[in-house]
Amino acid sequence: QYQYMYGHYICIFDGKKPTGYYHKNDKNLNKNLINEKRPEFQELKVRCEAFLQNYFGKIVDRNLLGK
């Protein structure tokens with residue numbers, strides 16, 4: 001499970017799809033907001049996927065330091 005924060009929300013992502021969205025002030029991740037279908041969640045999902053794709057691409061290319 002990956003956690004990605006952007007704006008006011010945290011996305012929990014299992015590598016294929018989001019499994020939860022939480023407000024950043026919900027430190028214990030008690031209240032999953034995934035069923036609220038907020039517009040911010042789509043952008044958060046896309047940003048999380050892009051970050052992971054970029055990160056793993058750098059691992060494959062052995063280019064984590066950006067050289």
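The values are calculated or read from the model by the stated rules, or taken from the named source; none is laboratory data. This is a predicted model, so every value here is computed, not measured. Virtual Cβ from ideal backbone geometry, glycine too; neighbours counted across all protein chains shown. Ligands, DNA and RNA are excluded from the accessible area calculation, which covers all protein heavy atoms including side chains. Shrake-Rupley method; radii C 1.70, N 1.55, O 1.52, S 1.80 Å.
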Give me the pairs, please: first residue somewhere in the range 1-23 and surrounded by 13 or more Cβ atoms within 10 Å (Cβ to Cβ), second residue anywhere and of a type in the set (Asp, Glu), beta-carbon distance under 7 Å, and either six or more positions apart or on two chains.
Tyr9/Glu40
Test result for Lys27, outside any helix (DSSP H, G or I), over 14 Å from the mean Cα position of the chain (by Cα) and at pLDDT 95 or above:
no
Does Val46 satisfy the condition of being open to solvent by 70 Å² or more (accessible area, probe 1.4 Å) and within 10 Å of the chain's Cα centre (by Cα)?
yes
What do you reckon, is Lys27 without any contact (Cβ under 8 Å) to a residue 40 or more places away in the chain, of a type in the set (D, E, K, R) and surrounded by fewer than 10 Cβ atoms within 10 Å (Cβ to Cβ)?
yes
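Looking at the range 34-63 only, could you name the residues that are part of a loop (DSSP other than H, G, I, E, B) and touching a residue at least 12 places away in the same chain (Cβ under 8 Å)?
Answer for the range 34-63, where residues must be part of a loop (DSSP other than H, G, I, E, B) and touching a residue at least 12 places away in the same chain (Cβ under 8 Å): just Arg38.
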